[in-house]
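Structure first, commentary second.
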Amino acid sequence: MASENILDDLLFNEESKQRVSIFVAFCMVLAVYHATVFWVIMDDDIAAKDTMEMFSVSFDTNTHLHEEVRTIDDGDREVLSFEVPTAMFDDHDGFGVLYININYQETSGQIGDSCDTVAADLKPNSVQADWQDERNVLSGLSTDCSTISLALTVFPEYTGNQTQVADMSAEHWASQWTNDAHGRGMFELQIEVDASQPTGSVLPTVSDDDEEVTVSWEAVFFDVVVEEIES
Amino acid sequence: MAVENLLFIGAILSVTLGCLALRFVRRNEKLEWNEKLAAHLICLMFIVKGLQNAAGGYSNTDDSQSVWQFWKALMHFLDFYFDISIVMIALVYPVPILRTPRQLKIGYGIMVGLMIVRLLMVMLGRPNTVLELFGMMYVVCGLIWGSVYIKFRMLDEAQQNKSTQNIAFVSALFLTLLLGHIWMYTPDMLFLSETFYFIDLWSGTDMTSTMFDYIWQLGHVFGIAVGLAILYVEIKQAINGQGSPMLYIIIAYMLSGMLRYLMTSFNSLGEVGLAWNDDFTLLGIWNLLTAGIHFTMVRPLIAMYILLRYGLFDIDENNRDMARLMTVMLIVVATSALLELIQTVIPINQMLSAALMGILIAFGVGWEERSFDTMASEPASLREDIDKDWFPTFDIPQLYMDRLIMVSAVYVVLMFFLSFIYWQMNIYEKMLGVV
């Protein structure tokens, strides 16, 4: 009857026994070698391999301001353009965010003339920016002479807040936040005025035909500061 | 096309070939009990491995929000099946280590028990613990197939015959399938390279304990020991005038590992970027063309070769066309994927690569005509002129095989469900401290 134990056949004669034993012994020798390296020689390196370096990423900001006053006729739609000077791109790591404030007052001077309606719309165009960012406010409307505030995230994911990141190197994170392509080009703001007519506007001398609008462009540039956080 | 796409190609190959092969194996009534078990397990293993490859591809590419947890979990859980099934194959094929129904029940029972322990840990939300014994399959399979290989490969010339050579070769092929990528780590392990000693299933995180990493690496160490033993034996036998194709296979794996070691160790050669493709470094390409191809293409190819060459398919006039279709599919998909891969990393003109692909496929199909007939008509034997003691006979009803397939299918569905829970409960992100 055949043996039920495989070892009887594997180690059937002296030669087989010797060969298989040498093979198993060789495996054990390598295992001991590996254990020595793993637990003794390289133990500190192995223990530290998953300890990731932490970095804080913060931003020094610098703002470029530009203001423009425009009188827009009732029912007209005008496009205002704005381009940041090249020097700003050369002097900073990136263009973070663009704020636009549109102010106006009722300037007709007529008694009983309420605030006009002003609508502003920052049109997405070929300028490289994060046009899809959820925080963007690309259009606004005012009927009570309040300021219309628009915002566009130009550098993707820029918030201006200090953050902490793990792994890689300081250079890597600095390079992630350095790019002068974002925000280059001409931004276009479309403004439309719908002038409200004062009481008694049926009289030929009483009318409100236009509105003076002040547009403030605020381009926030940043220089990234990456510092390793000591554990 | 990067690593992820190669994983998808591997997935298509594995799942398609696994399903087709299973069809053949189920119809083969000539198989002995151990061959029947092994053949079914090989097919099922490759179907599940294919799904795992696809999950791996998605987990590498889909980094949006938290869905990566689903793919990562699925990838790991399906790997349990590969682990367990490859050990089960080693226990019965090419020669049965378990020789009686009782031994078979105990042996397979232990493996199923290990699987249950792993699943319990996973369900308890405690994956990646040492209880999983991840890496032990390399140890067990390495020792079993390694011992069988050495026993039969080093028999005295008078005791050798075709079957003993075939048993040694099949054992070595299974070892190549399982350990080929590990053999490439040989110099890294011997020369204390971080590439080896920092091996971690969850690299860059502390998801696994040091002991878990140690057990995982220990499996690799046994794999390397088996590789070195095979290299020694093959060189010795070649000097004695008994060379085997295994010598070239093991040398190819060891050499590619040596080249990788040189790239990582000297002058940061491996980090050199390619002038024509910023996405790749020299090392990245080398890994893609060696370890990447081993995982996705070589493994299914070896499995298919074993199934065809050693009579695990019963190819007759009724199914010859289907079997041929399988091999042609294998050749066409593998050739086109390989050329696409080369085209991605090396700037070959598309027209030129299309022409090259045509030529290679033509050669491949021509070669298939010739080699397929040889393999199908004259399957190599593992039993002729071998002491019957090596192959005890008893019967395993087909019903058990059907149950094996059913259980495997249920396992896959269950793993999809578990992975979904892992994703929805953000278990990995909680473990990583992200949420």
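The values are calculated or read from the model by the stated rules, or taken from the named source; none is laboratory data. Nothing here was measured: the structure is a model prediction, and the numbers come from that model. Glycine also receives a Cβ, built like all others from the backbone with ideal geometry; neighbour counts cover every protein chain displayed.
Considering the range B:184-214, and only residues there that are among the β-branched types (Val, Ile, Thr) and farther than 24 Å from B:THR129 by Cβ, the residue that is surrounded by the fewest Cβ atoms within 10 Å (Cβ to Cβ) turns out to be B:THR195. Take the conditions within 10 Å of chain A (Cβ to nearest Cβ), in contact with a Ser or Thr (Cβ under 9 Å, 6 or more places away or on another chain) and modelled with pLDDT of 95 or more and apply them to B:ILE250. Does it pass? The answer is no for B:ILE250.
Residue by residue, here is whether (1) at pLDDT 85 or above; (2) within 30 Å of B:LEU124 (Cβ to Cβ); (3) hydrophobic (A, V, I, L, M, F, W, C); (4) surrounded by fewer than 22 Cβ atoms within 10 Å (Cβ to Cβ) holds:
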{"residue": "B:ILE9", "(1), (2), (3), (4)": "no, no, yes, no"}
{"residue": "B:LEU31", "(1), (2), (3), (4)": "yes, no, yes, yes"}
{"residue": "B:SER64", "(1), (2), (3), (4)": "no, yes, no, yes"}
{"residue": "B:MET75", "(1), (2), (3), (4)": "yes, yes, yes, no"}
{"residue": "B:PHE82", "(1), (2), (3), (4)": "yes, yes, yes, yes"}
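Among the residues making up the range B:230-245, a single one is assigned to a helix (DSSP H, G or I) and either at pLDDT below 90 or small (Gly, Ala, Ser) (or both): B:ALA238.
Is it true that some residue in the range A:107-119 is surrounded by fewer than 13 Cβ atoms within 10 Å (Cβ to Cβ) and either at pLDDT 95 or above or touching a strand residue (DSSP E or B) at 6+ places or on another chain (Cβ under 7 Å) (or both)?
No.
Can you tell me which residue in the range B:363-404 is nearest to B:TRP33 (Cα to Cα), limited to those that are free of Cβ contacts under 8 Å to residues at least 40 places away in the same chain and not in a helix (DSSP H, G or I)? Filtering the range B:363-404 for residues that are free of Cβ contacts under 8 Å to residues at least 40 places away in the same chain and not in a helix (DSSP H, G or I), the one nearest to B:TRP33 (Cα to Cα) comes out as B:PRO397.
Please indicate, with yes or no, whether at least one residue in the range A:89-102 is among the charged types (D, E, K, R), in contact with a strand residue (DSSP E or B) (Cβ under 8 Å, 6 or more places away or on another chain), part of a loop (DSSP other than H, G, I, E, B) and over 17 Å from A:ASP223 (Cβ atoms). No, there is no match, as no residue in the range A:89-102 is among the charged types (D, E, K, R), in contact with a strand residue (DSSP E or B) (Cβ under 8 Å, 6 or more places away or on another chain), part of a loop (DSSP other than H, G, I, E, B) and over 17 Å from A:ASP223 (Cβ atoms).
For the range A:5-14, the set of residues classified as surrounded by fewer than 16 Cβ atoms within 10 Å (Cβ to Cβ) and facing chain B (nearest Cβ under 8 Å) consists of A:ASN5 only. If the condition is being surrounded by fewer than 23 Cβ atoms within 10 Å (Cβ to Cβ), more than 12 Å from every other protein chain (Cβ to nearest Cβ) and small (Gly, Ala, Ser), then the range B:85-109 contributes only B:GLY109. Scanning the range B:198-229 for residues that are within 28 Å of B:PRO300 (Cα to Cα) and either in a loop (DSSP other than H, G, I, E, B) or over 22 Å from the mean Cα position of the chain (by Cα) (or both), we see that the one that is farthest from the other protein chains (Cβ to nearest Cβ) is B:LEU201. Only one entry of B:TYR149, B:TYR108 meets the criterion of being without any contact (Cβ under 8 Å) to a residue 24 or more places away in the chain and under 22 Å from the mean Cα position of the chain (by Cα), and that entry is B:TYR108. Restricting the range A:165-195 to residues that are within 14 Å of the chain's Cα centre (by Cα) and aromatic (Phe, Trp, Tyr) leaves a set whose member that is farthest from B:SER203 (Cα to Cα) is A:TRP177.
Here B:SER408 meets each of (1) modelled with pLDDT under 90; (2) surrounded by 17 or more Cβ atoms within 10 Å (Cβ to Cβ) with one exception, condition (1).
Figure legend. Inter-residue proximity from the range B:337-361: first residues hydroxyl-bearing (Ser, Thr, Tyr), second residues not in a helix (DSSP H, G or I), beta-carbon distance below 8 Å, spacing 6+ or different chains. Indicated pairs: B:THR344/B:MET1; B:THR344/B:ALA2; B:THR344/B:ASN277.
Applying the set (1) of a type in the set (Gly, Ala, Ser); (2) at pLDDT below 75; (3) within 18 Å of the chain's Cα centre (by Cα) to B:ALA303 leaves exactly one unmet item: (2). Could you list, in sequence order, the residues of the range A:162-187 that are farther than 19 Å from A:MET88 by Cα and either in contact with a Gly (Cβ under 7 Å, 6 or more places away or on another chain) or modelled with pLDDT of 90 or more (or both)? Across the range A:162-187, the qualifying residue is only A:ASP167. Assessment of the range B:363-380 against the conditions (within 14 Å of chain A (Cβ to nearest Cβ) and either small (Gly, Ala, Ser) or closer than 30 Å to B:ARG99 by Cα (or both)) yields no matching residue. Flag: B:MET425 does not match the condition of being loosely packed, with under 11 Cβ neighbours inside 10 Å and away from chain A (no Cβ under 14 Å).
Of everything in the range B:182-204, what is of a type in the set (A, V, I, L, M, F, W, C) and either over 20 Å from B:ILE251 (Cα atoms) or without any contact (Cβ under 8 Å) to a residue 60 or more places away in the chain (or both)? Give them in sequence order. B:ILE182, B:MET189, B:LEU190, B:LEU192, B:PHE196, B:PHE198, B:ILE199, B:LEU201, B:TRP202, listed by residue number. For the range A:16-40, the set of residues classified as over 15 Å from B:LEU143 (Cα atoms), more than 7 Å from chain B (Cβ to nearest Cβ) and surrounded by 13 or more Cβ atoms within 10 Å (Cβ to Cβ) consists of A:TYR33, A:ALA35, listed by residue number.
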